[in-house]
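Below you'll find the structure, written out as structure tokens, and then a few comments.
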């Protein structure tokens with residue numbers, strides 16, 4: 001690879017690695033972290049940033065899903081109820097973002113997610129986390145898929161956090177949401193490819209992909225080892241910080 005400057009791609013490998021470690025262990029943040037970087041720091045248009053992130057996630061979610069399956073972190077009944085609505089929502093969101101500016105709604109969605117993060121922190125601080133069977137699943141998958149494609153990230157924050165609020169067990173929730181995300185990202189990537197062509201495949205994308213693939217196998221192991229209460233606190237803290245920062249960037 002003569003003439004290839006690794007100094008230009010190494011920062012993105014590091015970001016992809018860190019984002020995927022967080023995403024695999026806590027069920028969220030790969031899209032949020034990377035989309036925030038691409039749009040806010042590099043000035044990339046939201047549609048192109050979302051397309052780039054989803055192109056990368058098609059591979060990283062496959063690797064992460066295999067890791068969660070191996071560690072038996074997947075609730076297959078929950079998986080079946082999430083994946084089809086998620087794919088439908090993802091196609092709609094990708095079409096909307098490719099057609100109009102969906103950034104207007106982003107501050108409102110991020111404010112809601114920050115509030116969910118604070119609630120999860122309160123539940124973790126309050127004491128024992130009692131598992132319950134979640135009741136609202138399909139509408140959650142539809143909304144999560146739409147917001148993920150339209151906002152460049154959101155499947156994990158929306159779906160994982162709301163399932164945890166309903167009382168779902170953290171380990172299987174994170175494993176199931178991560179595994180089902182592969183089908184969402186593959187569909188969203190195909191939709192973006194149909195509307196934008198190969199524009200999403202840049203050197204930035206390759207760097208994020210390399211870092212994400214290196215980190216992906218560790219997610220299932222971490223999700224299996226971290227106890228429910230600390231895991232819920234970590235999810236709440238991450239959700240609150242990333243969502244509040246996104247609101248700040250959108251309103252400044």
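The values are calculated or read from the model by the stated rules, or taken from the named source; none is laboratory data. Treat the numbers as computed from the prediction; the structure is a model and nothing was measured. For neighbour counting, all protein chains shown are included, and Cβ atoms are generated from backbone atoms with ideal geometry for every residue, glycine included.
Considering only region 74-103, state which residues are more than 18 Å from residue 157 (Cβ to Cβ), at pLDDT below 70 and in contact with a helix residue (DSSP H, G or I) (Cβ under 9 Å, 6 or more places away or on another chain).
Scanning region 74-103 gives 98, 99, 101.
Exactly one of these conditions fails for residue 167: (1) at positive phi; (2) within 17 Å of the chain's Cα centre (by Cα); (3) without any contact (Cβ under 8 Å) to a residue 60 or more places away in the chain. Give me its number.
Residue 167 satisfies every listed condition except (2).
From 28, 44, which residue is modelled with pLDDT under 80, buried (at least 24 other Cβ atoms within 10 Å of the Cβ) and not in a helix (DSSP H, G or I)?
28
Collect the residues in region 52-73 that are buried (at least 21 other Cβ atoms within 10 Å of the Cβ) and either modelled with pLDDT of 85 or more or farther than 18 Å from residue 174 by Cα (or both), keeping them in residue-number order.
52, 53, 54, 55, 56, 65, 68, 73
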